[in-house]
Amino acid sequence: AVTLACIDETTGGTCQVNYGLSQGSLTLSAYDVRGSKTVSQIHYVTLNSLTPVTTYYYQLLSNNKLYHEGTFTTLAAVIPSNSYLAYGKVFNGRKPAAGCMVSLWLEDGDGNGTNDKSYLASCLTDENGYWFYDLVNLRTHDGKKLFDFSKQGDFLYLDVYTEEGTKLKTRMNTGDCMPARELYLK
């Protein structure tokens, strides 16, 4: 599966992704994980039934109108052998910030493991403002291998985007993300 995180900074609307193996044959469709009728400026869509190392064509529709189109190539399949679940909570004032997009990546901080930045990943905050991501799924910057990180001493970066256009950036040690400190947008 491939997940697309989309931010439409102009207007909120519904989101549909049509995709397939050729531009003239976009036979598969996917919608926001929260439902096909979700109206938002932030959408999170998971594309399933994909073959590794294959180029796909896609069209992104917002309110049933073409918003963007292009291609992407899936990565080779790799399977992590363990788990390291990073998680935390985002607040908007005193209320949990639901439906925020969280972009995240790792960077080497101690000289052990992969000496670079990881591939970018993303998740949505749930109805209680929590975000979750298993860091063992992050890949190297070129996407070819899993990112080898230290459970203490490397850095986890988070960018949080809200429906209203607010953006919060933070960095923390990988040893401090189970749970991460609470994040406040306002």
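Apply the a/c threshold of 1.5 to the C-alpha gyration tensor of segment 28-88 and tell me whether it is rounded, prolate or oblate. Oblate shape, in that a/c is at least 1.5 and b/c is the bigger or equal ratio. Using Stokes-Einstein with the Kirkwood hydrodynamic radius over Cα pairs, what translational diffusion coefficient do you get for segment 1-62 at 4 °C and a viscosity of 1.567 mPa s, in µm²/s rounded to a whole number? Answer from the Stokes-Einstein relation: 108 µm²/s. Here, the chain has an Rg and a Dmax of 17.2, 49 Å when only alpha carbons are counted.
Placing +1 on the Cβ of every Lys and Arg and -1 on the Cβ of every Asp and Glu, with no other charges, gives the chain a dipole of roughly 300 debye about its Cα centre. The distance separating the Cα centre of segment 110-186 from that of segment 29-92 comes to 17 Å. Expressed as a whole percent, the accessible area of the chain that falls on carbon and sulfur atoms is 49 (1.4 Å probe). State which entries of Lys117/Lys186; Lys37/Lys145; Lys89/Lys151; Lys89/Lys145; Lys144/Lys186 exceed 31 angstrom in Cα-Cα distance in the structure shown. Among Lys117/Lys186; Lys37/Lys145; Lys89/Lys151; Lys89/Lys145; Lys144/Lys186, the Cα-Cα distance tops 31 Å for Lys37/Lys145; Lys144/Lys186. The mean of 1/r over all distinct Cα pairs in segment 95-166, once inverted, gives the Kirkwood hydrodynamic radius of 13.0 Å. Counting charges near Arg34 (Lys, Arg +1; Asp, Glu -1) among other residues having Cβ under 14 Å from its Cβ returns a value of -3. With all protein chains kept in place, the per residue accessible area of segment 125-186 amounts to 54 square angstrom at a probe of 1.4 angstrom.
The values are calculated or read from the model by the stated rules, or taken from the named source; none is laboratory data. Remember, it's a predicted structure, so these values are computed and weren't measured experimentally. So basically every Cβ, Gly included, is an ideal-geometry build from the backbone, and we count neighbours across all protein chains shown. These area figures cover heavy atoms from the full protein model, side chains too; ligands, DNA and RNA do not enter into them. Shrake-Rupley method; radii C 1.70, N 1.55, O 1.52, S 1.80 Å.
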